[in-house]
């Protein structure tokens, strides 16, 4: 007697094949990145990779993180769970996330472009987008 559940193959967070196939493209340009209030860029599927570029229109650094609290924090109120992109700098990472958060690091709003590769994994499989995790905030 065979168990039908053994042959139920589907996309999921722990499914290696979901990350080995070519990604579904996602691109968003000219995103205005505000000061003092994080902006959340939400993806329609879980990502395979994310590339964020500081367009450099305002010569302001951009905070990039994975929770609102992570990019909103300051030296006076840690956890400071973000990284900075300087003027015209970009960064790409292999992250399985459903959103990223951006905030200008200074007195002037900035501008960003985002390119992501999406998997076939529904974002409902990734609860809270890692919010509250160590290193995320």
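Any read-out appearing in this document is the output of simple, stated calculations on the displayed coordinates, not a laboratory observation. Because the structure is predicted, anything quoted here is derived from the model rather than measured. In this analysis, Cβ positions are derived from the backbone assuming ideal geometry, glycine residues included, and neighbour counts consider all displayed protein chains.
Data for the structure
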| item | result |
| --- | --- |
| Contact order relative to length of region 20-122, as percent, for alpha carbon pairs under 8 angstrom and 6 or more apart | 49 |
| Burial order of peptide ranges 49-59, 86-96, 29-39, 100-110 (average beta-carbon count within 10 Å, highest first) | 100-110, 49-59, 29-39, 86-96 |
| At 0.692 mPa s and 37 °C, Stokes diffusion of the chain via Kirkwood alpha-carbon radius, µm² per second | 208 |
| Within the chain, helix-based [θ] at 222 nm, where runs of 4 or more DSSP H residues each add -39,500 (n - 2.57), nearest 500 | -1000 deg cm²/dmol |
